[in-house]
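Working notes, structure below.
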Amino acid sequence: DLVADIIAGLFIVFEGSFHVGDMVTINGTRGRVREIGIRSTKLIIPVNNLMIISNHSINQVVNLSKKKSSYLLDIRIPAEISIDQVEELLKRELPKLAEKCSLIVDGPYYYGIEAVGSTGYATKPMRTYGIITYCLEVDMLEVEQFMKREISLLFEREGISLW
């Protein structure tokens, strides 16, 4: 295993598939690369835990830092609210959100109605509207929190309840 770790570690370093600081998924575990050593690779995984993976056991790597990532936000609004009213509000206000958050690389964009009908605990008819926002993978959590907060505030100001 020691020899296999060293050989695999050399290939990881020379191929440059991922680097320290990249967001990756290795063998199904998602995290930020903290260190690439000769014997092991260390990831910071959610809740700031450290995961150590033997280099020879790394089978699958997805480097999430190479391209921008997309965050999809579905908002459910009572069907009694006019589609035109919701779409006009989103068209007018979404560009302003990009100006407020420097972590947004592209968007946010309204991309249409995702679903119609009652879902979950909703007993009233609902429509689900979709919004897509692009950011770097390392910024995904912050962009998600920003979008949820700002969309909630936007509809609250307009007197439209979200479900």
Report task. Output ³J(HN,Hα) for region 16-28: one whole-Hz value per residue in order, computed from phi by the Karplus curve 6.51 cos²θ - 1.76 cosθ + 1.60 with θ = phi - 60°, and x for Gly and Pro. Result -> x, 4, 8, 10, 4, x, 6, 8, 9, 10, 10, 6, x
Query raised in the report: Under 5 Å between amide H atoms, partner at least 5 residues away or on a different chain: which partners does residue 18 have, H built in plane at 1.01 Å?
Result: none
Query raised in the report: Residue by residue through region 72-79, which ³J(HN,Hα) values in whole Hz follow from phi under the Karplus form 6.51 cos²θ - 1.76 cosθ + 1.60 (θ = phi - 60°), with glycine and proline marked x?
Result: 9, 10, 9, 10, 9, 10, x, 5
Query raised in the report: Using modelled backbone amide H atoms (1.01 Å from N, in-plane), which distant-in-sequence or interchain residues come within less than 5 Å of residue 111's amide H?
Result: 130, 131, 132
Query raised in the report: Efficiency by 1/(1 + (r/R0)^6): what FRET value for residue 66 and residue 161, r their Cβ-Cβ distance, R0 = 35 Å, to the nearest 0.05?
Result: 0.30
Report summary line: Candidates 74, 84, 22; GNM for the chain (alpha-carbon contacts under 10 Å) flags as most fluctuating 84
Query raised in the report: Over the heavy atoms of residue 105, what accessible area does a 1.4 Å probe trace out, to the nearest 10 Å²?
Result: 80 Å²
Report summary line: Charge tally for neighbours of residue 21 with beta carbon under 9 Å away, counting Lys, Arg as +1 and Asp, Glu as -1, is +1
Query - Derived scalar couplings ³J(HN,Hα) [region 57-62; Karplus, 6.51 cos²θ - 1.76 cosθ + 1.60; whole Hz; x for Gly, Pro] - result: 8, 6, 9, 10, 10, 10
**Report entry** Summed side-chain charge close to residue 11 - residues other than residue 11 whose Cβ falls under 14 Å, Lys, Arg +1, Asp, Glu -1
**Finding:** -1
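Take each complete run of DSSP H in the chain, measure how far its Cα atoms stretch along the helix's own axis, and keep only those covering 18 Å or more with mean Kyte-Doolittle hydropathy at least -0.5; list them. Don't jump to the answer; show the numbers that get you there.
Numbers: long enough: 2-15 (20 Å, 2.24); 83-100 (25 Å, -0.73); 140-157 (25 Å, -0.09).
Going by DSSP H runs, the hits are 2-15, 140-157.
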**Report entry** Distance in nm between pseudo-label sites at residue 25 and residue 47 (7 Å out along the Cβ direction from Cα)
**Finding:** 2.1 nm
Query - Per-bin percent of Cα-Cα distances, the chain [10 Å] - result: 10, 30, 22, 18, 13, 6, 1
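Do the sum for the chain: with -39,500 (n - 2.57) for every DSSP H run of n ≥ 4, divided by all residues, what is the mean residue ellipticity at 222 nm, to the nearest 500 deg cm²/dmol? Kindly include the intermediate steps, with their values, before the conclusion.
On the way: 3 runs with 50 residues, N = 163.
Computed mean residue ellipticity for the chain: -10000 deg cm²/dmol.
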Query raised in the report: What are the chymotrypsin sites (Phe, Trp or Tyr not before Pro) within region 67-156 that DSSP puts in a loop, where the Cβ has at most 11 other Cβ atoms within 10 Å?
Result: 121
Query raised in the report: Sequence-distant or interchain residues sharing an amide H contact under 5 Å with residue 79, placed H: which?
Result: 126, 127
Query raised in the report: What does the charge add up to near residue 158, with Lys and Arg as +1, Asp and Glu as -1, over the other residues with Cβ less than 12 Å from its Cβ?
Result: -1
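The values are calculated or read from the model by the stated rules, or taken from the named source; none is laboratory data. Worth saying up front: this structure is predicted, and the values here are computed from it rather than measured. Backbone-built Cβ (ideal geometry, glycine too); neighbour counts: all protein chains shown. For the accessible areas, the whole protein counts, side chains as well, though only heavy atoms, and no ligand, DNA or RNA atoms are used. Shrake-Rupley method; radii C 1.70, N 1.55, O 1.52, S 1.80 Å.
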